[in-house]
Amino acid sequence: MKIGVYPGTFDPITNGHLDLIRRSLHIFDRVIVAVAPNPKKQPLFDIHERVAMIKEATRDLPYVEVEIFEGLLAEYMKRKGVHAIIRGLRAISDFEHEFMMALLNRKLDSDVETVFLMPSEEYSYITSSAIKEVASYGGLLKDFVPPVVARRLREQFQKKQK
Ligand code: COA
């Protein structure tokens, strides 16, 4: 069985991430979405909430699992016995950072390869931070994130305004 790990912070998951998960299922029999706590990014949503939103958004995809991973991604890959990391390359600007991460992960675990997929151009400009900014000003979210995320973003920013 071919298994791929799609790691990220997912604060929150967007339609761009979902597009990549769906594309991954053309290549892998199972995809594990591995959610990093990543406190240095000061996430808006706590890790359990990020996981819950991903689970809800991928409910129609039976071969997708969602897990939390702490520490180094390479160590997590070893523990799982999985060799493929899935990452998206949205634009040339992603390349340098992704190239560095792929080489670093391969140095830490020589059995690991990173597979890059190109998201649909419709989502190529989306980042989680940009979506949070749109939400903070009350902008329309439905084209960018699944309904569960749009609802939780609205609740978060209404709470902050009170
Ligand atoms: N569609 C929409 N948005 C996407 C996307 C896609 N296809 N692909 C990436 N993004 C967004 C992300 O949401 C994120 O947005 P943000 O910065 O506004 O939050 C941004 O693009 C990319 O962020 P980046 O920091 O590159 O990745 P990440 O937050 O998704 O995940 C980890 C990074 C968790 C994979 C990485 O930090 C990691 O492996 N950490 C564990 C520690 C470790 O092993 N370190 C050594 C390896 S570097």
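The values are calculated or read from the model by the stated rules, or taken from the named source; none is laboratory data. Remember, predicted model here, so these are calculated numbers, not experimental data. Note: ideal-geometry Cβ built from the backbone for every residue, glycine included; neighbour counts use all protein chains shown. The area values use the complete protein model at the heavy-atom level, side chains included, leaving out ligands, DNA and RNA. Shrake-Rupley method; radii C 1.70, N 1.55, O 1.52, S 1.80 Å.
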Among helices (runs of 4 or more DSSP H) completely within segment 16-121, the ones holding 1 or more residues that are farther than 14 Å from G4 by Cβ and in contact (Cβ under 8 Å) with a residue 40 or more places away in the chain are 47-57
Here the residues within segment 133-149 that are over 29 Å from I27 (Cβ atoms), open to solvent by less than 100 Å² (accessible area, probe 1.4 Å) and assigned to a helix (DSSP H, G or I) are V134, A135, S136
If you go through G4, G8, the only one that is within 9 Å of the ligand (Cβ to nearest atom) and crowded, with 18+ Cβ neighbours inside 10 Å is G8
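To keep it simple, each residue is scored yes or no on (1) within 9 Å of the ligand (Cβ to nearest atom); (2) open to solvent by 80 Å² or more (accessible area, probe 1.4 Å); (3) closer than 22 Å to D143 by Cβ.
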position: I13; (1), (2), (3): yes, no, yes
position: I27; (1), (2), (3): no, no, no
position: R30; (1), (2), (3): no, no, no
position: V66; (1), (2), (3): no, no, no
position: A74; (1), (2), (3): yes, no, no
position: I92; (1), (2), (3): no, yes, no
position: M101; (1), (2), (3): yes, no, no
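Checking the structure you have, find out if any residue of segment 120-132 is among the aromatic types (F, W, Y) and either touching a strand residue (DSSP E or B) at 6+ places or on another chain (Cβ under 8 Å) or open to solvent by less than 70 Å² (accessible area, probe 1.4 Å) (or both).
Yes: one or more hits.
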